[in-house]
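Following: one structure in structure tokens, then a few remarks.
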Amino acid sequence: MLAWVIGAIVPAAALCIAALLAEQATRERQRPGRWIWIAAMSLSILLPVMAPWLPVSASVRLPLLHLPLAGARPTLATFPFDALGPPLWLALSIATLLAVACGALLVQRRSRTWRRTRIGNQEVYIAREAGPAVFGLWQPRIVVPEWLERAAPQQRELAIAHEQSHLLARDPQLLACALVLVSIMPWNLPLWWQLRRLRRAIEVDCDQRVLRAGGDLVEYGETLIQLSQHQSRLAGLMAATSQPRSFLERRIHIMSSEISRWSRVSAALWICLAVGAVAVAAELTPSPATPTSPAVRPGAPNSTSATAAKVQAEIAAAREKEVKESAEDHEGDADSDDAEESANEAMHDADEQMAEAEEAMHDAEKQKAEAMAAKREAEAASAEARAKKQAAEAAAAH
């Protein structure tokens with residue numbers, strides 16, 4: 001199972017690169033990018049599951065994970081993942097879902113103390129420690145901080161317009177779906193990074209919608225800067241406007257950039273690179289039937305059978321010795337004839353087992369000798385081919 005887990009993480013990392021490239025293409029044309037990341041998260045889960053139905057043109061199956069190391073101490077590769085992996089997986093998935101549910105319940109509980117009011121035509125909640133943000137799944141609502149009531153009317157309208165855009169685009173439901181995808185494979189670290197990029201793409205797409213609706217770029221940028229100075233305590237549990245300042249600078253740069261003359265060509269190039277990265281991710285998916293031991297080639301010496309034959313011979317010898325000792329112990333008894341007869345039968349059986357074991361060892365040695373002879377013939381043929389090649393090169397030189 002360890003090989004399968006690694007085989008699921010590696011293509012997810014390749015999909016991260018593909019999504020980054022595709023997102024760059026959408027930014028060149030100022031298109032929504034959040035769907036790229038939700039697609040990357042879905043493929044990160046579907047590719048390992050659909051591996052038996054995917055065409056394989058290259059063998060990239062991490063075979064080193066299956067090579068037994070003689071005398072090696074127990075390590076990560078020898079950990080019993082086949083037995084403990086599924087229960088740990090299930091426990092992590094349940095813990096992730098419980099954490100999400102607890103966060104939603106915490107926000108719902110805090111919302112009971114928030115004051116409900118109307119700002120313009122929008123009904124909002126007023127809180128001290130939260131907002132501007134959208135909370136709730138079935139009926140999402142807007143919460144804004146108390147200080148925003150005292151802010152300039154233009155900033156207040158832009159902040160609420162941003163949250164209204166989240167509601168219209170159903171971003172809370174999209175984030176909920178992404179959290180469910182993460183809970184399916186919570187051990188897949190690239191999946192968590194994709195979730196982080198999805199949250200950022202949601203904010204960038206929302207900025208573009210606000211500006212297309214008629215928002216002033218300068219006023220909107222100043223509003224975002226003002227909001228970044230009042231970080232919400234529950235920002236991690238909701239679709240919040242306030243983000244780290246480093247990402248805020250990136251958002252302002254994206255908003256202020258214009259579509260260049262070569263945006264179509266550039267976007268097409270990024271898309272081609274992204275498709276190539278997706279193809280690489282498909283090639284890196286785990287094998288549907290991962291072997292647990294190296295396969296034995298036909299005609300090659302089977303070391304396992306030779307070892308088994310040797311063990312059988314030792315067992316037969318031990319039984320023969322035990323029978324002899326038992327016969328010697330029963331020589332002075334009155335029923336010595338029966339004991340001797342049973343001892344003879346036992347010795348006969350032991351002799352037959354010894355003969356079978358010797359025959360098996362002989363077959364194993366014969367196979368080994370044939371393999372060595374085949375190897376020598378192959379080496380001789382290779383040497384002859386090299387000699388012919390050198391002779392041909394010498395003749396061509398003259």
Exercise. Taking the Cβ-Cβ separation of GLN139 and LEU84 as r and a Förster radius of 30 Å, what is the calculated FRET efficiency to the nearest 0.05?
Worked result: 0.10
Seminar exercise, completed: With +1 at each Lys and Arg Cβ and -1 at each Asp and Glu Cβ, the charge dipole magnitude of the stretch 128-168 around its Cα centre, to the nearest 20 debye, comes out at 20
Problem set entry | In Hz, Karplus ³J(HN,Hα) per residue of the stretch 157-166 (6.51, -1.76, 1.60; θ = phi - 60°; x = Gly, Pro) | 5, 5, 5, 6, 4, 4, 5, 4, 5, 4
Exercise. Mind checking which lysines have their C-alpha under 25 Å from LYS321, skipping anything on the same chain fewer than 8 residues away?
Worked result: LYS310
Problem set entry | Theoretical gain in end-to-end length, ALA385 to ILE6 [0.36 nm per residue, Cα-Cα removed] | 132.2 nm
Seminar exercise, completed: Residues meeting the amide H criterion for VAL124 (H placed from the backbone, H to H distance under 5 Å, 5 or more places apart or on another chain) are THR117, ARG118, ILE119
For this session: Calculate, in nm to one decimal, what HIS362 and LYS321 gain on full extension: separation in residues at 0.36 nm each, minus their alpha carbon distance.
Result: 12.4 nm
Problem set entry | Mean Cβ count within 10 Å, highest first, over the residues of peptides 209-215, 159-165, 278-284 | 159-165, 278-284, 209-215
For this session: Arrange the peptides 186-196, 31-41 so that the one whose residues have, on average, the most other Cβ atoms within 10 Å appears first.
Result: 31-41, 186-196
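Mind ordering 267-277, 387-397 by average Cβ neighbours within 10 Å, highest first?
Details: 267-277: 16.4, 387-397: 9.0.
Top to bottom by mean Cβ count within 10 Å: 267-277, 387-397.
Read-outs: derived from the displayed coordinates by stated rules, not from any lab. In this text the structure is predicted, and so the values were computed from the model without any measurement. FYI the Cβ positions are ideal-geometry reconstructions off the backbone, even for glycines, and counts take in every protein chain you see.
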